[in-house]
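These notes concern the structure reproduced below.
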Amino acid sequence: MSLTYSHKLHDPDVLAAEFPVTDAHAINERRAAIAAIIEGRDPRLMMIVGPCSAWPSRAVIEYADRLARLQEDVRERVLLVMRCYIQKPRTTVGWPGPLNAPNPAAPVNIARGIHECTKLMHDVGQRVPLADEMLFTHNADYFTRMLSYVAIGARSAEDMEHRYIGSGLDMPVGVKNTTGGDIGIGVNGVQSVQSPHTFAFHQHEVSTSGNPHAHLVLRGGGGRSNYDPQSIALAQNLLLDKKLANPSIVIDASHDNSMNGHGKDPELQEMVVHSVVEGIRRNREEYRLVSGVMLESFLKHGKQSDKGPVYDMDGLSITDPCLGWERTETLIRETADAMSG
């Protein structure tokens with residue numbers, strides 16, 4: 001194999017001792033709260049919001065502080081979970097995220113990235129519940145202990161290892177439809193993650209019991225949206241036909257659900273959320289399994305180039321364009337008001 005082994009990386013147990021999960025992280029309570037929404041026992045809407053990529057740390061922490069304060073105002077109707085995505089899937093090539101390249105203008109430094117991302121999650125996780133995308137399953141030992149929610153992305157939804165690992169996680173897992181927009185494949189992924197499996201992992205034979213809180217995430221695909229009533233009804237019927245535990249749907253307001261013909265338009269995320277919330281508020285049959293929405297949002301509106309060499313360090317996305325904080329706060333407050341009506 002044409003692999004060059006450079007050096008060993010951090011021992012996860014050593015990092016866990018340096019950045020321990022404490023009562024302030026409230027991991028069990030937060031996971032249980034999300035699970036209750038997925039099960040339909042809690043009528044609140046889950047909103048998974050935050051930057052496309054969790055960089056730089058100081059801006060991410062500032063965002064978390066604002067989100068925590070806002071949660072206090074809307075807690076009766078909305079549960080806020082913060083995106084803290086530290087690895088970025090790329091269609092071809094590009095900046096891989098702060099875990100691999102903590103300085104986008106410098107060469108890859110995974111050892112530094114793992115340490116900095118562990119510290120970031122430790123700090124942010126004391127403020128708000130954390131969500132991350134499981135891009136590489138072999139990094140799970142570092143970060144899953146601090147997470148309340150995991151997403152399996154559109155490029156990984158058909159991958160057996162992601163499905164099998166997800167089936168053994170002690171937290172809700174959202175499985176996205178594929179980049180081409182195939183809802184059926186996403187539903188198949190949910191069924192797989194909810195099922196028990198036995199497989200080889202870390203030089204061991206391991207078994208999982210299945211994850212009853214695995215659910216579908218609709219993110220559009222193939223240049224088309226799928227947050228319309230017809231698409232949601234299709235997803236609902238596919239989930240119900242499989243007789244899955246806790247059938248549930250989350251709508252990703254970004255990605256192909258926010259395309260304007262020229263690319264991703266972060267402002268269209270507002271339209272997606274308003275549309276979904278209106279369907280829920282009116283008790284439309286198509287929306288009865290919808291339990292949450294996802295939103296890409298940061299301190300500043302839009303995005304910057306990932307080519308550098310000078311980067312905005314004050315909360316402007318370096319990957320997908322994000323909705324700015326002011327409009328994000330307004331949208332969350334409007335959503336909470338609508339859910340109380």
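Yes or no: R127 surrounded by 19 or more Cβ atoms within 10 Å (Cβ to Cβ), of a type in the set (K, R), out of contact with any Pro (no Cβ under 9 Å at 6 or more places or on another chain) and closer than 27 Å to D241 by Cβ? No, not satisfied.
Report, ordered by the first and then the second residue, all pairs with beta carbons closer than 7 Å, sequence separation of six or more or different chains, a first member in region 180-199 that is in contact (Cβ under 8 Å) with a residue 24 or more places away in the chain and part of a helix (DSSP H, G or I), and a second member that is among the β-branched types (V, I, T) and crowded, with 23+ Cβ neighbours inside 10 Å. Close Cβ pairs (under 7 Å, with a partner that is among the β-branched types (V, I, T) and crowded, with 23+ Cβ neighbours inside 10 Å) amount to G186/V175; G189/I152; G189/V175; V190/V175; V193/V173; V193/V175.
Applying the set (1) closer than 20 Å to T118 by Cβ; (2) assigned to a loop (DSSP other than H, G, I, E, B) to E62 leaves exactly one unmet item: (2). Within region 207-247, the set of residues being among the hydroxyl-bearing types (S, T, Y) and more than 23 Å from N257 (Cβ to Cβ) comprises S207, T208, S209. Before we move on, is S156 more than 23 Å from A59 (Cβ to Cβ) and modelled with pLDDT of 95 or more? Judged against the criteria, S156 is a match.
Name the residues in region 71-90 that are polar (S, T, N, Q) and assigned to a helix (DSSP H, G or I), would you? If the condition is that a residue be polar (S, T, N, Q) and assigned to a helix (DSSP H, G or I), then Q71 is the only one that fits.
All of P98, P104, P89 fail the test of being in contact (Cβ under 8 Å) with a residue 24 or more places away in the chain and in contact with a Lys or Arg (Cβ under 7 Å, 6 or more places away or on another chain), apart from P89. Between A214, A200, the distinction of being at pLDDT below 95, in contact with a strand residue (DSSP E or B) (Cβ under 8 Å, 6 or more places away or on another chain) and not charged (D, E, K, R) belongs to A200 only. Selection of region 157-203 for residues being surrounded by fewer than 24 Cβ atoms within 10 Å (Cβ to Cβ) and in contact with a His (Cβ under 6 Å, 6 or more places away or on another chain) yields Y164, S167. Candidates in region 72-88 are the residues that are of a type in the set (A, V, I, L, M) and over 20 Å from A101 (Cβ atoms); of these, the one that is surrounded by the most Cβ atoms within 10 Å (Cβ to Cβ) is M82. For M121, work out the one condition from (1) under 22 Å from A64 (Cβ atoms); (2) surrounded by fewer than 19 Cβ atoms within 10 Å (Cβ to Cβ) it doesn't fulfil. Of (1) under 22 Å from A64 (Cβ atoms); (2) surrounded by fewer than 19 Cβ atoms within 10 Å (Cβ to Cβ), only one is false for M121: (2). When region 286-299 is examined, which residues are found to be over 13 Å from I332 (Cα atoms) and either acidic (D, E) or surrounded by fewer than 19 Cβ atoms within 10 Å (Cβ to Cβ) (or both)? Result: E286, R288. Evaluated against (1) under 16 Å from S291 (Cα atoms); (2) free of Cβ contacts under 8 Å to residues at least 12 places away in the same chain, P212 falls short on exactly one condition, (2). Please identify the pairs in which a residue from region 46-71 that is at pLDDT 95 or above and surrounded by fewer than 20 Cβ atoms within 10 Å (Cβ to Cβ) has its Cβ atom under 9 Å from the Cβ atom of a residue that is in a helix (DSSP H, G or I) and of a type in the set (D, E), counting only partners at least 6 apart or on another chain. As it stands, the answer is S57/E116; S57/D123; I61/D123; R66/E329, since those pairs meet every condition given. Residue count for region 289-338 under the criterion of being farther than 13 Å from V273 by Cβ and of a type in the set (A, V, I, L, M): the result is 6.
Those helices (runs of 4 or more DSSP H) of region 228-341 in which 2 or more residues are in contact with a helix residue (DSSP H, G or I) (Cβ under 7 Å, 6 or more places away or on another chain), more than 30 Å from N188 (Cα to Cα) and not acidic (D, E) occupy 325-339. Taken over region 27-42, the criterion of being without any contact (Cβ under 8 Å) to a residue 12 or more places away in the chain and in a loop (DSSP other than H, G, I, E, B) is satisfied by R41 alone.
The values are calculated or read from the model by the stated rules, or taken from the named source; none is laboratory data. Just so you know, these numbers come straight off a predicted model, no measurement behind them. Glycine also receives a Cβ, built like all others from the backbone with ideal geometry; neighbour counts cover every protein chain displayed.
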